[in-house]
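Q: Mind looking over this structure? Questions follow.
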Amino acid sequence: MDSNKLLKVEGLYKSYGGHQKGRERNYAVADINLSAASGDFLTLLGPSGCGKSTTLRCIAGLESPDLGTITVADRVLFSSDNGISVRANQRGLGMVFQSYGIWPHMDVYKNAAFPLQVGEKKNRPPAKQIRERVERALEVVQLSDFAGRSATALSGGQQQRLALARALVMEPPLLLLDEPLSNLDAKLRTDMRFELKRLQHEIGVTTVYVTHDQSEALAMSTNIAVMSNGKVEQVGSPREVYGSPAAEFVARFVGSANLVSGTVTSASGDGVTVKTPDGLITASTTTDLAVGADVFVSVRPESVTLTPAGGERGEWEGVVDGSAYLGMTMEYRVKVGDTEWNVSGSSESPLADGTPIRLSFAKHGCAAVPMAAAS
């Protein structure tokens, strides 16, 4: 793993419930390897129970792993080999939970200052420095004008920003966010995505963010680690994870994909031609696939072009089986043989239900995944 990374998680295992003789240990996370460079926004994305929050809690020191190493800014926080396990309150990391944990009997300023005022007296910053750091943190989250207001008088979005200020006032090398937007309504969640991204970019703090919301992950991250059943399925930029899924699970979970099975008939560079029950399709791939390999092809709905049937033959042919108007776009359900496809198209010239059509595919929107990797 790159030695220049600010965060390094290597060979992380965590189990619950103890180990019973004669039974395999049940791991919540197994062999997790992750890293983040200074200033990165790394998102752990996956469904409930996949291990993303457990991984974050291990980094924070709120869970004790069975095996592995966790290093932040060249400081080893946990090492099973060397018997190192730094307590959570000594790691110096910032963390915001789903429940913001705002102190209701304190005003905004006192809430933000609280982390600097607890702990051993000899380790507390001077009063002047506390004031400067709190004022700077409140300014960053745009709460300076609310410093004297009771925390319970804040809106949901303001409370979320106050929780961020309380984490940032520690000036941590690493900020950990565990689904901090889950308690907000849909519009406020969207607004706060941009706000969080702006704050993270402005401050430059390395961030690890946990969510099950793929839209949040795609909109905010520099890198995404897609997790399933306690393992990391793929790590990459939002564009890589969305456009070049490495496994069937990633293709299904990130975005909306049409998946069709087939066999590779030719391979050249980073592309393959796949024979499916409905016809040939050309796809990109990040894996070396040999002729004859069984694969899934993931096709994004926006990568399919529909044109009325007729003219030259040879394209895939089908019929519009249903449609929905979504403003600037139309969502179509297209029947091709016994397979139903989801297709996105322009709403300027909508196709009526029952229209015979031809389908063509953009190669960059089609990704071939080996069946062995998708199982």
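The values are calculated or read from the model by the stated rules, or taken from the named source; none is laboratory data. Quick caveat: nothing in here was measured; it's all calculated off a predicted structure. Methodologically, a virtual Cβ is constructed for each residue, glycine included, from the backbone with ideal geometry; neighbour enumeration extends over all protein chains shown.
Rundown of residues vs (1) surrounded by 14 or more Cβ atoms within 10 Å (Cβ to Cβ); (2) among the small types (Gly, Ala, Ser); (3) touching a Cys at 6+ places or on another chain (Cβ under 8 Å); (4) assigned to a helix (DSSP H, G or I), yes/no style:
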| position | (1), (2), (3), (4) |
| --- | --- |
| ALA113 | yes, yes, no, yes |
| LEU116 | yes, no, no, yes |
| LEU138 | yes, no, no, yes |
| GLY157 | yes, yes, no, yes |
| GLN160 | yes, no, no, yes |
| PHE194 | no, no, no, yes |
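Q: Conditions: (1) free of Cβ contacts under 8 Å to residues at least 40 places away in the same chain; (2) of a type outside the set (Val, Ile, Thr); (3) surrounded by 19 or more Cβ atoms within 10 Å (Cβ to Cβ). SER80 meets all but one. Number of the miss?
A: Among (1) free of Cβ contacts under 8 Å to residues at least 40 places away in the same chain; (2) of a type outside the set (Val, Ile, Thr); (3) surrounded by 19 or more Cβ atoms within 10 Å (Cβ to Cβ), the lone unmet condition for SER80 is (3).
Q: Can I ask one more? Might you let me know whether region 277-292 holds any residue that is more than 26 Å from ALA219 (Cβ to Cβ) and in contact with a Pro (Cβ under 8 Å, 6 or more places away or on another chain)?
A: Yes, that holds for at least one residue.
Q: So ARG358 ticks every box in (1) in contact with a Phe, Trp or Tyr (Cβ under 7 Å, 6 or more places away or on another chain); (2) at pLDDT below 90 but one. Which box is left unticked?
A: Every condition holds for ARG358 apart from (2).
Q: Would you confirm, using the coordinates I've provided, whether THR263 is polar (S, T, N, Q) and more than 14 Å from the chain's Cα centre (by Cα)?
A: Criteria met by THR263.
Q: A follow-up question, please. Could you pull out every one of the strands (runs of 3 or more DSSP E) wholly within region 252-347 that has 2 or more residues that are at pLDDT below 90, assigned by TED's automatic domain parsing to the domain that holds LEU359 and loosely packed, with under 14 Cβ neighbours inside 10 Å?
A: 304-308
Q: Using beta carbons and a limit of 8 Å, which pairs, at least six apart or on different chains, have the first residue in region 141-156 and touching a residue at least 24 places away in the same chain (Cβ under 8 Å) and the second one assigned to a strand (DSSP E or B) and surrounded by fewer than 19 Cβ atoms within 10 Å (Cβ to Cβ)?
A: If the second residue must be assigned to a strand (DSSP E or B) and surrounded by fewer than 19 Cβ atoms within 10 Å (Cβ to Cβ), the pairs left are ALA147/ASP107; GLY148/ASP107; ARG149/ASP107; SER150/ASP107; ALA151/ASP107.
So that you can scan it fast, the table gives a plain yes or no per residue for (1) closer than 22 Å to GLY94 by Cα; (2) among the charged types (D, E, K, R); (3) touching a residue at least 60 places away in the same chain (Cβ under 8 Å):
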residue	(1), (2), (3)
ASN26	no, no, no
LEU45	yes, no, yes
GLY61	yes, no, no
PRO65	yes, no, no
